[in-house]
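The structure under discussion appears below in the form of structure tokens.
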Amino acid sequence: MRSIVRGAVLAGAALLLSACGGFGGERGGSAPGPAPAPVPATADGPAMLGEPYAIGGVTYTPADIPDYDEIGYAGLYGDERAGNPTANGETFEPAAISAAHKTLPLPSYVEVTALDTGRTILVRINDRGPMANDRLIDLSRGAAQQLGLTDGVAAVRVRRTNPPAAERAQLRAGRAVPERLATPDSLLAILRTKLKDVPKPKPAAVAAPQPAAPIASGHAK
């Protein structure tokens with residue numbers, strides 16, 4: 001009986017030591033705490049709208065339209081604006097995947113679909129424009145290249161979207177995200193039919209010079 005009791009005591013001591021320390025004299029310490037919270041992806045600042053503004057006798061009123069979905073034409077930003085401030089105070093980088101829009105909040109994220117090919121990319125809007133014509137949107141060189149557009153203008157669909165934080169951070173850093181699924185031919189046919197009611201603007205190469213973009217500092221969204 002004495003040997004049984006001694007064995008039980010030794011077993012209990014071994015369990016106690018294993019809870020307080022490890023092998024080789026390493027200290028086990030208390031139970032591990034909760035894992036550290038993941039570092040959040042780069043976030044945008046408050047989206048800005050700004051006050052209504054007039055260019056060439058036309059007044060534009062910025063508006064927050066979550067389901068914005070329009071058909072029109074896209075033009076190309078000129079590289080001559082590289083390094084200049086955008087309407088929300090950022091620096092224009094031609095190689096980034098960005099765009100200018102007359103009224104959407106800055107920044108906004110839109111899917112731009114080329115109606116001739118059905119290719120669709122995600123673009124970050126951080127500037128106002130185009131100001132001297134009736135184009136729907138102006139794309140940076142990086143965005144135009146990803147979409148497969150060349151000089152001049154191209155028919156597009158612009159649809160506002162709410163992408164994941166990781167994609168927002170990637171675009172904010174100037175890098176492209178993977179293309180979306182190509183638009184089916186059946187939907188492209190419908191979109192091209194709607195385009196017949198939209199006047200085609202002059203090519204960017206012969207369009208009038210762009211007035212300075214207004215600064216969207218009036219009020220946040």
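The values are calculated or read from the model by the stated rules, or taken from the named source; none is laboratory data. Quick caveat, the model's predicted, so the values are computed rather than measured. Reconstructed Cβ throughout: ideal geometry from the backbone, glycine too, with neighbour counts over all protein chains shown.
Kindly indicate which of Gln170, Gln145 is under 23 Å from Gly45 (Cβ atoms) and free of Cβ contacts under 8 Å to residues at least 12 places away in the same chain.
Numbers: Gln145 fails: under 23 Å from Gly45 (Cβ atoms).
One residue alone meets the criteria, Gln170.
Residues that are over 22 Å from the mean Cα position of the chain (by Cα) and hydrophobic (A, V, I, L, M, F, W, C) were ranked within the range 50-70; the one that is farthest from Pro107 (Cα to Cα) is Val58.
Gly33 satisfies every condition listed in (1) in a helix (DSSP H, G or I); (2) modelled with pLDDT under 50 except (1). Selection of strands (runs of 3 or more DSSP E) fully inside the range 43-136 by the criterion of at least 1 residues being closer than 23 Å to Val177 by Cβ and out of contact with any Lys or Arg (no Cβ under 9 Å at 6 or more places or on another chain) returns 120-127.
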